[in-house]
Every structure is written in C-alpha cells, then in structure tokens.
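Notes for the one structure printed next.
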Amino acid sequence: RVSLASFGGAGLSRLANLRGRVKTREMGSWLLGLEPAGAADFADSMRSLALSRQGRGVMVVLSDFLLREGYERGLTYVAGRGYDVFAMQILSPEETDPAAHGIGGDLRLVDLEDATEAEVTATPAVIARYRERLEAYCAGLRDYCVRRGIVHVPVETTQPIDELMLEVLR
C-alpha cells in the first residue's frame, strides 16, 4: 500500500492507498499533475500526514529538502510509525553542478516557494564552495535518514518518470 502527499501553499494534497501495478498509472498521473503551490510548513504538513495515517504501508516524501526551517522535525513525524519511508530528494542538474550547465557571473536568484531574492556573483570559487556545501547538506540528510530507518533516494529531475516509478520505487 502506497500513499503519496504533496504540500504547498494550497495545503496538503494526498493520493492514498494505492496497491499493485494497476494503480501505477494513477500514481504517475497524480505526480505529473502536481503544480508548485507556494510556501508551506514542512514539519506541520508531515505531522498532519502522520496523524492521518493508520496501519502499515509505504510513504514516499518528494522534496528537495532544501528547507529554511530544516527537514529534521518533519521527517521525525513520519519515521518509526509503521511506514516504510522513502525520502526522495529531487534536485535539478543545474542545482547539483551549476558550472557544467553554464551558470555563472552576476545572477539574481529567486526562491520559487517564497519569492525571496538574492543577488550573487557566481565565480568559480563561489560555485566550488556552493557544491561543497550542497554535498555536505545532502550527506547530512542521508545520515539523518539512515539513523531513523528512512531510505534516502537522490533523484535528478532528468530521470525519466517511468524509470523512477518502475525501478526506483519498486
């Protein structure tokens, strides 16, 4: 049994109790139909989700986990409650390796979730430091998940959805 949830400014959206291959299409359609909905509190959303679920099953949390408030409190709500939890960290290739994608120079970065902006000059040294910090952050997330019995699954946005659903989520 799989339940999926998405959180954003519009609140928590769920697709619950999917069983077997027959529901794979429904799951894929739901995932592809998700739209960004603005900022939401990750911990509150995970708490609400954890309290609304009973029994055993699989829980897939899709996020970049790059949260100002951190991911720890939110993931703690869903860990150890009888679910097999998968924390799928979704990042774009531009996020993981900006220089390889021609990103550099003077930039205005806009957070799509809360519309905050930052101006930076992305020199090779700044990009190298960014990559080091991102790798450390992702390693911290992976370690946090492992200690709580959560499976951390890094996923690039370029990964085909059918491969993700049929091979990774299998």
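See the values below:
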| quantity | calculated |
| --- | --- |
| Cut-off under 5 Å, modelled amide H: who pairs with Val58 long-range | Val2, Ser3, Asp84 |
| Spin-label model distance (nm) - Glu94 vs Thr123, 7 Å beyond Cα toward Cβ | 2.4 nm |
| Cα-based Rg of segment 38-105 normalised by 2.2 N^0.38 Å, two decimals | 1.38 |
| Extension gain (nm, one decimal) between Glu167 and Val155, 0.36 nm per residue minus Cα-Cα | 3.1 nm |
| Under the Karplus curve 6.51 cos²θ - 1.76 cosθ + 1.60, θ = phi - 60°, whole-Hz ³J(HN,Hα) for segment 115-120, x wherever Gly or Pro sits | 6, 6, 10, 9, 9, 9 |
| Integer Hz, Karplus 6.51/-1.76/1.60 couplings in order for segment 129-145, x for Gly and Pro | 5, 4, 4, 4, 5, 5, 4, 5, 4, 5, 5, x, 4, 4, 5, 4, 5 |
| Mean separation of Cα contacts under 8 Å (6+ apart) over length of segment 81-170, as relative contact order % | 41 percent |
| Added length on full extension, which subtracts the Cα-Cα distance from 0.36 nm per residue, Arg131 to Ala115 | 3.5 nm |
| nm² value of the averaged projected area, convex hull over the Cα atoms of segment 87-127 | 3.6 nm² |
| Computed FRET value (nearest 0.05) for Glu69 with Leu107, which takes r as the C-beta separation and R₀ as 30 Å | 0.75 |
| Protection proxy ranking of 151-163, 69-81, 45-57 - average other beta-carbon atoms within 10 Å, highest first | 69-81, 45-57, 151-163 |
| Residues whose placed amide H lies under 5 Å from that of His152, excluding near-sequence neighbours | Ala87 |
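No value in this document is a laboratory result; all are computed from the given coordinates. This one's a predicted model, so the numbers in the text were calculated from it and none came from an experiment. Glycine gets a Cβ as well: all are built from the backbone with ideal geometry, and neighbour counts include every protein chain shown.
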